[in-house]
Structure formats: structure tokens, C-alpha cells
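Computed from the coordinates by the stated procedures, all read-outs in this text should not be read as laboratory data. Please read these numbers as outputs of a predicted model, since none were measured by experiment. Reconstructed Cβ throughout: ideal geometry from the backbone, glycine too, with neighbour counts over all protein chains shown.
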Amino acid sequence: MNLQDMFGLDGRIALVTGGSRGIGKMIVEGFLAAGCARVYISARKTAQIEAAVADFETRYPGKVVGLPVDLATVEGCRSLAKELEAREQRLDILVNNAGAAWGEPFDTFPESGWDKVMDINVKSPFFLTQALHTLLKAGGSPERPAKVINIGSIDGIRLNPWETYSYHASKAAILYLTKRLAARLVEDHILVTAIAPGAFESDMNKAARDHGDAVAQTIPTKRIGVPEDMAGAAIFLASKAGDYVVGDTIAVDGGLVYGHLGSSIDA
């Protein structure tokens, strides 16, 4: 077996939404190291895009292209697709990573906190995938299918202790939407999967970012995730090595979901 052929992404063209920081940036770094020809990154804030592109330019000249866009609306999703269509004839890998969170007590949880999170975490991945369907079909073949990877969360599998109602609902929804999209798009040689991250240092996961040592003690592996953990999972799913994985979700969490005993109360 040729490991470079199995796990390499030589010549592939990818789009990573929310790719300017956090988990998205970890995935971009991995795709570039694995040989992607070009990686497009999107984010709402132009300054974040410019900073990320400048950072990658020092190590991977000319391989990262930033496209500022707000994906919270269908119009924004279609606008990003048009930008890609003007630049590329195909898209091999789409990572729906852009996300939002909102925490507030049940009694005061606002409609705005519901809509913002559901729009970017559930509506956006669906309509962006729909808008990029033609490019993804052009990138897929029986021998080398195109890939869509949705970034969920272990909070879509199990509860966290915070009152993040719309976040919990959205992350459960995207994991089930992954299955439904997979069932439809496999006929077009587009394979849809998902990653459910656990504790990774990011602006969204402030607990892991600011209290990593304490958080690590709650994880079976006794550490929070590092960029290689996230990049490795994404490369596996995006590469030939993951060509027989369809509709599944991989929890990348140090064992919190599937390797943690929890507690019991004796009667």
C-alpha cells in the first residue's frame, strides 16, 4: 500500500468555511501539508481573512485564497458559490466549519440567539452544499469521489453543563443532516461525513482556551485536542483512505463520548 496515495491530497481543491481561525485553521493547515493545490477560506470578517492568508503565505505561497462572506443567509451561500465558480471548474473538498454559539438562561433565552446559531450551524451548511453541488459533482468520480465534511460537536451527541439551547439543537441537527445529505449525494460521487470535535483551544471554546489544564482532567486522555488531532481526522475523511466512509460522524474528543465511564448511583 502507498500511504501517500492513500492519505495525500495532491492537486485537490478545497473550501473551508470559518477557515481563518480555530478548528477551521487547523484543518486548512493539515490540507496544505497533505498537498492541496489550493485552499479557499471564508469568514465574515475581512481582517481575520487577511491575517490568516498572510500567515499561510509565509509557508504555502499562493495556495490559500480568502473570500470574505457572511454565510448566515442563503444569499451569502450563493454568493460564495459564485465566487468559486468564477475561479475554479471543480471543487474536491468542502468543509462546512463556520459556526456560532449562544449561551443564556432558559427564562431569558432570546429569539436572536436561536436564529443566529441555527442559521450558521444548520441552514448555512445545507444551502452552501446545495449552491456548490455543480462544482462538487465536477470534482467527484467513482474512482475519486468529492468530499463534504460537516463540523459538528460532541455537544450534538451528549449534553454539556451550560445553557446553550440552540447550540445543542443545531449540533444534533447537523449530524443527522449529514446522514440525509450522504444518502442523496452519494449517487453523484460526493461523500458526506462529519467530525464532532471535543475540547480544542479556540475563541468559541473559551474553557479549553483559557482553562486547558483543568478541562484536560475531565477527559479520559487527560489532555485537550491539538491541531494535529483535528487535521488528521479531516485528512483521513478527505483523502482516498476515507473513501468507504459515508454518512458517519467521527468524535475527535479524547474519549469523552465513547471512552468515558461516567458515574452511577447505588440504590
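One residue stands out in segment 39-63 among those that are crowded, with 20+ Cβ neighbours inside 10 Å and without any contact (Cβ under 8 Å) to a residue 40 or more places away in the chain: the one that is nearest to Ala14 (Cα to Cα), namely Val39. Scanning segment 10-24 for residues that are closer than 19 Å to Glu228 by Cβ and surrounded by fewer than 24 Cβ atoms within 10 Å (Cβ to Cβ) gives Arg21, Gly22.
In summary, Asp5 fulfils each of the numbered conditions (1) out of contact with any helix residue (DSSP H, G or I) (no Cβ under 7 Å at 6 or more places or on another chain); (2) farther than 30 Å from His168 by Cβ; (3) surrounded by fewer than 16 Cβ atoms within 10 Å (Cβ to Cβ) with the single exception of condition (1).
Restricting attention to segment 116-173 and to residues that are in contact (Cβ under 8 Å) with a residue 40 or more places away in the chain, more than 20 Å from Gly198 (Cα to Cα) and of a type in the set (D, E, K, R), the residue that is surrounded by the most Cβ atoms within 10 Å (Cβ to Cβ) turns out to be Lys147.
Close Cβ contacts (under 7 Å, 6 or more residues apart or on different chains) running from residues in segment 215-232 that are under 13 Å from Gly255 (Cβ atoms) to residues that are in a helix (DSSP H, G or I) and of a type outside the set (A, V, I, L, M, F, W, C) comprise Ile224/Gly212.
Can we say Met1 is assigned to a loop (DSSP other than H, G, I, E, B), farther than 16 Å from Leu91 by Cα and of a type in the set (A, V, I, L, M, F, W, C)? Yes, satisfied.
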